[in-house]
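Chemist: Have a look at the structure that comes next, please.
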Amino acid sequence: MSTGSTGAPATGTGVRAARAVLIAIGVVLTGVGAVVFVAGVPVRQWPGVLLWLAGAVVLHDAVFAPLVLLGTRLLRRAGGRLSWGGVAAVQVALVVGGALTLIAFPGIRSQQLGARNPSVLVFPYGLHLALAWAAIGIVTAVVVVAIGLRRARRG
Amino acid sequence: MLVLVRSALASPARHPRTAVVIGRLLGLGFLVCFGTGLFSHYLQNPLPGMAFPTRPASLYRVTQGVHVVVGTALIPLLLAKLWTVYPLLFRWPPVRSVGGLLERAAIALLVAAALVELATGVANTYQWYPWPFRFRETHFALAWAIVGTLAIHIGVKLPVIARWWRRSRSIAPDGALLPVAEGEGDLRPEPAASGLTGLLQRRIDRAAVPPAAVSRRAVLAATGAATVAVVALTAGETLPALAPVNAFAPRRLRYGPQGLPVNRTAAEGGVQRTALDPAWRLELRGPERTAALSLADLRAMPQTEAGLPIACVEGWSTQARWRGVRVRDLADLVGARDRELLVRSFARGAYSATVLQREFAEDPLTLVALELNGEVLHVDHGYPARLISPARPGVLQTKWLRSLEVR
């Protein structure tokens, strides 16, 4: 980052050299990945790995991200009535709840399939997730009302 | 069409500065996971000539705890990073040069590998394995692919990263992000289109957009809060300070028989009958002599107490008090001191024979444990005798011992 403070686009020799080194290291490390993959994963499992890699990208790019976009547009439409601070609070709440849902999901699913012994999967994950969403909802409602009241008082 | 998609995706927070702020945390996190992951991998599969530190005794507890906690934190960070750069997916033309094609290929591999690595990693800690491939080998190979393509990605983007690294050069006094000039990054405002596309674009743009400062702060606050939440509510399975708020982790601190979680039970190992057989003997095979010790013989030997954690590759860990016979004292009986030992269990399946490297065999805290937390070992913890040693993964702390052998 030697050119970071000069204000000019970072295109000096130092930066060029650093880029070349990083890309070369990256190619070598990726190559190691390919070698350990070939050495460690049986050929008959390769289609499964490829399917998961492609499936993850498709799931994110074609399902998850468009849903997030849709949610954002709907929220913004409601935002006119709510104040932008209120919209932001709701957005933060949805992201936190969404992240907890992602974390809780494998617990819920694995529990359905049955835990190996009583010391694994020790919590009722579905119940905890519902409680977390309820808590997030209450806190968000309080924050949104507080923001609205403050705005109303300012006139 | 793509113009409209990009217009619809426009947000003041989708900006190179956001990508840098989240990206540097993400990059650091992946490096930490890579380092701790390599350590764990080579502890279990040492290359010839490798030796490992046996102190601090909680070393593996810390490294593997960090591996799983940071890996969990990377989930919201990765999704936030992908959200920031998502409009670039719809760039037109998709590639402009051979270099550009290779760059996009590297990014595609980086994104795919990162998503699969985190998703399978988290599911694995919950012992849910819905994939049709070997976890450990795939996790290991994808880790190399991630750090490799990450280095390529950072190399390609270095000028943009440098431009937006500092806050003072990125944010206006009112809290909004500075406009992106030519050559300063890809996430630039969409130019106005003409004709029907332009008409539709103006319709999309008419929808109210939050003030830039609010948008930027909302994205950072949401990412930060989500990261803190997933860590705070799961890390208690290894961090005592967070144990009271543990709500989503697969394990609880000190929860299980004798205050310790169990991975493989005696029933799973198929050892219920053998473990309780009074004719059980621990066989010692040295270079010249062999010995067979009964439980009474082992109890008659000098006993050592050790406070050592069980630290699982899955990220949970619990400290425990152990009492038993030093492995090096047993090695002395058959002239096997200062040697690598093969540790055999009478459980079936994976890890029924593991290698105890010389430095661990010699350590005065490495025990053939007979007691746990003041009681005779529970059968699910390896009765009649199990191995316990400092700074090693739980899968190598062999239960239901059959023999210690010089290889």
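The values are calculated or read from the model by the stated rules, or taken from the named source; none is laboratory data. Note that the coordinates shown come from a computational prediction; the quantities given were computed from them, not determined experimentally. Glycine also receives a Cβ, built like all others from the backbone with ideal geometry; neighbour counts cover every protein chain displayed. Keep in mind that these areas ignore ligands, DNA and RNA; they rest on the heavy atoms of the full protein, side chains included. Shrake-Rupley method; radii C 1.70, N 1.55, O 1.52, S 1.80 Å.
Chemist: Based on the alpha-carbon gyration tensor of segment B:6-85 and its eigenvalue square roots a ≥ b ≥ c, which shape applies: rounded if a/c is under 1.5, prolate if not and a/b is larger than b/c, or oblate?
Modeler: Judged from the Cα gyration tensor, segment B:6-85 comes out prolate (a/c at least 1.5, a/b above b/c).
Chemist: Run the Debye formula on the Cα coordinates of segment B:37-134, all scatterers equal and no solvent, and tell me log10 I(q)/I(0) at q = 0.18 1/Å.
Modeler: The Debye formula, applied to the Cα set alone, gives -1.00.
Chemist: At q = 0.16, 0.17, 0.26 Å⁻¹, what log₁₀ I(q)/I(0) does a Debye calculation on the Cα points of segment A:83-155 give, no solvent, two decimals?
Modeler: Ignoring solvent entirely, the Cα scatterers give -0.64, -0.69, -1.08.
Chemist: Here's something else I'd like to know. Per-residue mean of other chain beta-carbon atoms within 10 angstrom of the beta-carbon, peptide A:40-50?
Modeler: Counting other chains' Cβ atoms within 10 Å and averaging over A:40-50 gives 4.
Chemist: Angle, helix B:59-85 long axis vs. longest principal axis of chain B, Cα atoms, 0 to 90°, nearest 10?
Modeler: Relative to chain B, helix B:59-85 is tipped by roughly 20 degrees.
Chemist: With angles folded into 0 to 90 degrees, how steeply does helix B:195-206 sit against the dominant principal axis of chain B? Use alpha carbons for both and round to 10.
Modeler: In chain B, helix B:195-206 runs at an angle near 60 degrees to the longest axis.
Chemist: While we're on this one: For B:H381, B:H41, write out the residues from largest to smallest accessible area, computed with a 1.4 angstrom probe and no ligands counted.
Modeler: Reading off the accessible areas and sorting them downward yields B:H41, B:H381.
Chemist: Same structure, new question: List the equivalent ellipsoid semi-axes of chain A in whole Å, largest first, each obtained as the square root of 5λ for an eigenvalue λ of the Cα gyration tensor.
Modeler: Taking √(5λ) for each eigenvalue gives 40, 33, 15 Å, largest first.
Chemist: Would you list the membrane-span-like helices of chain A, meaning whole DSSP H runs whose alpha-carbon atoms span at least 30 Å along their axis and whose mean Kyte-Doolittle value is at least -0.5?
Modeler: Sorted by number, the helices that extend far enough and score high enough are A:13-40, A:84-113, A:125-154.
Chemist: Hey, what did chain B get for relative contact order, percent, Cα under 8 Å, at least 6 apart?
Modeler: 20
Chemist: Can I ask one more? Show me the three semi-axes of the equivalent ellipsoid for segment B:283-337, from the C-alpha gyration tensor (sqrt of 5 times each eigenvalue), largest first, rounded to whole Å.
Modeler: So the equivalent ellipsoid measures 27, 14, 9 Å along its semi-axes.
Chemist: With r defined as the distance between the Cβ atoms of A:A20 and B:R289 and R0 fixed at 51 Å, what FRET efficiency is calculated, to the nearest 0.05?
Modeler: 0.25
Chemist: Mind pulling the angle between the C-alpha long axis of helix B:135-163 and the longest principal axis of chain B? Nearest 10 degrees, somewhere in 0 to 90.
Modeler: For B:135-163 against chain B, the angle is about 40 degrees.
Chemist: Output wanted: per-residue J couplings in Hz (rounded whole) for segment B:327-336, from phi through Karplus 6.51 cos²θ - 1.76 cosθ + 1.60, θ = phi - 60°, x for Gly and Pro.
Modeler: 4, 5, 5, 5, 4, 4, 4, 10, x, 10
Chemist: Also: Round to the nearest 0.05 the FRET efficiency obtained for B:R339 and B:R281 when R0 = 25 Å and r is the Cβ-Cβ distance.
Modeler: Efficiency, rounded to the nearest 0.05: 0.75.
Chemist: Hey, another quick one. Over every pair of different alpha-carbon atoms in segment B:2-245, take the mean of 1/r and invert it; report that Kirkwood radius in Å.
Modeler: After inverting the mean inverse Cα-Cα distance, the result is 20.3 Å.
Chemist: What spacing in nm lies between the two simple spin-label points modelled at B:A10 and A:V35, each 7 Å away from Cα in the Cβ direction?
Modeler: Modelled inter-label distance: 4.9 nm.
Chemist: Let me ask another. Rounded to the nearest whole Å³, what is the per residue volume of the convex hull around the Cα atoms of the protein assembly as shown?
Modeler: Hull volume over Cα atoms, normalised by residue count, gives 174 Å³.
Chemist: Provide B:D277, B:D174 ordered by accessible surface of protein heavy atoms (probe 1.4 Å), highest first.
Modeler: B:D174, B:D277
Chemist: Give me, ordered by chain and number, the residues 5 or more places off B:L370 or on other chains with an amide H under 5 Å from its own placed amide H.
Modeler: Result for B:L370 returns B:R323, B:G324, B:V325.
Chemist: Taking the square root of 5 times each eigenvalue of the Cα gyration tensor, what semi-axes in Å does the equivalent ellipsoid of chain B have, largest first?
Modeler: Those come to 55, 21, 17 Å.
Chemist: Just check segment B:257-406 against the gyration tensor rule for me: Cα atoms, a ≥ b ≥ c as the square roots of the eigenvalues, rounded for a/c under 1.5, and otherwise prolate or oblate depending on whether a/b exceeds b/c.
Modeler: Rounded shape, in that the Cα axes give a/c under 1.5.
Chemist: To continue, here is another question. Show me A:69-77, B:316-324 ranked by packing, highest mean number of other Cβ atoms within 10 Å first.
Modeler: Ranking, from highest mean packing down: B:316-324, A:69-77.
Chemist: Please compute the modelled spin-label separation between A:A152 and B:R91, points set 7 Å along Cα→Cβ, answer in nm with one decimal.
Modeler: Result for the modelled spin labels: 4.9 nm.
Chemist: So if we plug the beta-carbon distance of B:R104 and B:R348 into 1/(1 + (r/R0)^6) with R0 = 56 Å, what FRET efficiency do we get, rounded to 0.05?
Modeler: 0.70
Chemist: Now for a different question. When the Cα centres of segment B:144-198 and segment B:323-345 are compared, how far apart do they sit, in Å?
Modeler: So the two Cα centres are separated by 59 Å.
Chemist: Mind putting a number on the dipole of the protein assembly as shown about its Cα centre? Charges go on the C-beta only, +1 for Lys and Arg and -1 for Asp and Glu, and I need it in Debye to the nearest 20.
Modeler: 1860
Chemist: Now, a different point. Extension gain B:R167-B:T274, at 0.36 nm per residue separation less the Cα-Cα distance, in nm?
Modeler: 32.0 nm
Chemist: Same structure, new question: Taking Cα centroids, how far is segment B:61-113 from segment A:104-155 in Å?
Modeler: Computed from Cα coordinates, the inter-centre distance equals 27 Å.
Chemist: Can I ask one more? Compare B:A13, B:A51, B:A193 in a GNM of chain B, Cα atoms joined below 10 Å, and give the one with the largest fluctuation.
Modeler: Most flexible of the set in this elastic network: B:A193.
Chemist: Give me the percent relative contact order of segment B:2-245, please, defined on Cα pairs under 8 angstrom at least 6 residues apart.
Modeler: 35
Chemist: Suppose we flag GluC sites (Glu not before Pro) only when DSSP calls them loop and at most 13 other Cβ atoms lie within 10 Å. Which is the longest uninterrupted stretch of chain B?
Modeler: Free of exposed loop sites, the longest segment is B:1-181.
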